[in-house]
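> Dropping the structure in here first, questions after.
FYI, it's all coordinate maths here, none of it is from the lab. Quick caveat: nothing in here was measured; it's all calculated off a predicted structure. Positions of Cβ are backbone-derived with ideal geometry, glycine not excepted, and every protein chain shown enters the neighbour counts.
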Amino acid sequence: MELVQAVFYPAFVVAMAVAILLFIPRGQLRGLIPAAAVLGGLGDVITVWLFQDVLGIIWFMNHGIWECANQHFFSPIGWTLVMVFYFYFFPRHLRILRYLYTAAWAALAVGYGLLVRNVELYDFKPWFFPIPMYLTFLAWFTFAIWAYHALGAAHSPDEAER
């Protein structure tokens, strides 16, 4: 296992955690982290189980010491932190901005997936890139923000417009 593969996910998690501590007030984190852990971390575990173990479309590789249940240990943690950012900065006004914001996060996720693939920690079937992968991430982010508001973790952005 190469050094880059060993430290890539831990470095990403540390960088995200530092950014969260710098940009998001601590009081806000208490409401964001539980929802992000379910919709990001658990969502990652379920998505990987479906797309890797059931459908065989994606697969993790070169886990080294970080392998946990045929997945990278830091992947769900990373997705939890990503969702913290996504939820915190979600636009409260202008419905079109919400759509563009979600579409942009889906595009960022595809780009990050390519980065992880280039480090050889993850791969996927060639037909899965870019449109099916983008639509998968778009559905995930759309569901996550809907669930975040529907389950009462935050006030609906529609209420902010009134």
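> How much length would be gained if the chain were fully extended between residue 21 and residue 54, taking 0.36 nm per residue of separation minus their Cα-Cα distance, in nm to one decimal? Walk me through the numbers on the way to the answer.
Details: separation 33, 0.36 × 33 = 11.88 nm, distance 3.65 nm.
Value of the extension gain: 8.2 nm.
> Could you give the dipole magnitude of the stretch 3-161 about its Cα centre, charging the beta-carbon of Lys and Arg +1 and that of Asp and Glu -1, in debye to the nearest 20?
On the way: 7 positive and 8 negative charges, 61 e Å.
Here the size comes out at about 300 debye.
> Given only helices, namely DSSP H runs of n ≥ 4 each adding -39500 (n - 2.57), what is the per-residue ellipticity at 222 nm of the chain, to the nearest 500 deg cm²/dmol?
-20500 deg cm²/dmol
> Hey, another quick one. Residue farthest toward the positive end of the dipole of the stretch 3-161, with Cβ of Lys/Arg at +1 and Asp/Glu at -1: which of 100, 3, 60?
Checking the options against the dipole of the stretch 3-161, the answer is 100.
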